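A short worksheet on the structure shown next.
The values are calculated or read from the model by the stated rules, or taken from the named source; none is laboratory data. Treat the numbers as computed from the prediction; the structure is a model and nothing was measured. All Cβ positions, even for glycine, are placed from backbone atoms using ideal geometry, and neighbour counts span all protein chains on display.
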Amino acid sequence: MKRHAPTFFCLAAAIGITATGCTGTTAPNPSQAAPAPAPATTGMPAPDAGPAPSIAQSNPGTGTTVKTDGHANVRKQAGEKAGLLDEKTQKSYFTIEVTNASLAAECTPRVGTTPLKPTRSAFLILEVKASLAGNVAAKVGGDLDESCMPLVAEAFAVAAPDGKPDRNVTSETAWGCFDDAELLPPVLNPGQTVSGKLVLDVSATAGRVAYDPQDDGGWSWPYGG
């Protein structure tokens with residue numbers, strides 16, 4: 001199997017989600033855990049994950065050369081879909097795309113009426129869409145109830161124009177942004193397609209935001225100026 005980046009199959013508890021299998025049941029705002037020590041937990045490989053798939057040299061859909069940064073993240077354009085590809089069928093069994101990334105000085109709170117403000121430079125509000133095939137366990141091995149993908153803030157990182165990665169992107173105020181109905185769910189289970197907002201609290205107001213749950217390479221999209 002090849003990636004346009006690597007595969008990550010998670011026990012949800014490994015990134016601080018209280019869940020049974022991969023159902024991802026948390027409260028009150030399941031899509032973003034209030035600040036947690038992300039590097040120590042998101043770097044934990046899941047059982048039966050196996051080695052990460054290699055990076056394809058070219059995008060099979062477009063034929064364009066696949067470009068990576070210094071942290072093994074495959075570089076995507078704004079709104080461009082990323083995915084894990086079954087080499088035999090040439091079909092993606094996991095896709096994710098950041099359809100929009102915007103900076104904000106405040107956000108609408110989930111509770112109350114007073115706007116919330118970031119603890120760092122700005123909120124980075126991502127609009128994300130992701131899909132996971134129902135037969136993903138058969139593709140990669142392992143149990144179906146462990147074949148999920150995390151979509152919490154701790155699964156993301158940002159990099160400033162100098163390229164230095166920053167996984168310190170959570171805060172209590174980011175956790176409190178927006179109504180649950182607008183937010184991305186915490187976990188993507190087999191057979192699901194989901195979309196919603198994810199709010200990060202970032203220091204760099206321009207750079208790239210990466211989906212990289214295990215801190216060993218993923219995909220990145222540009223944001224800011």
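The residues in the range 102-117 that are in a strand (DSSP E or B) and closer than 11 Å to Gly176 by Cα can be counted, and the count is 3.
Just to verify a result, which residue in the range 64-101, among those that are in a loop (DSSP other than H, G, I, E, B) and among the hydrophobic types (A, V, I, L, M, F, W, C), is nearest to Tyr223 (Cα to Cα)? Steps first, please.
To start, the set of residues in the range 64-101 that are in a loop (DSSP other than H, G, I, E, B) comprises 64, 66-67, 69-73, 76-81, 87-90.
From what is left, the residues that are among the hydrophobic types (A, V, I, L, M, F, W, C) are 66, 72, 78.
Values: Val66: 19, Ala72: 18, Ala78: 8 Å.
Out of the qualifying residues, it is Ala78.
Of all residues in the range 44-102, those satisfying the criterion of being in contact with a Leu (Cβ under 9 Å, 6 or more places away or on another chain) and modelled with pLDDT of 70 or more are Lys91, Ser92, Tyr93, Phe94, Thr95, Ile96, Val98, Thr99, Asn100, Ala101, Ser102.
Take the conditions over 18 Å from Cys177 (Cα atoms), of a type in the set (Gly, Ala, Ser), at pLDDT 95 or above and buried (at least 19 other Cβ atoms within 10 Å of the Cβ) and apply them to Ala153. Does it pass? Reasoning before the result, please.
On the way: over 18 Å from Cys177 (Cα atoms): no; of a type in the set (Gly, Ala, Ser): yes; at pLDDT 95 or above: yes; buried (at least 19 other Cβ atoms within 10 Å of the Cβ): yes.
No.
If you go through the range 96-138 and pick out every residue that is farther than 22 Å from Val194 by Cβ, surrounded by 19 or more Cβ atoms within 10 Å (Cβ to Cβ) and aliphatic (A, V, I, L, M), you end up with 2.
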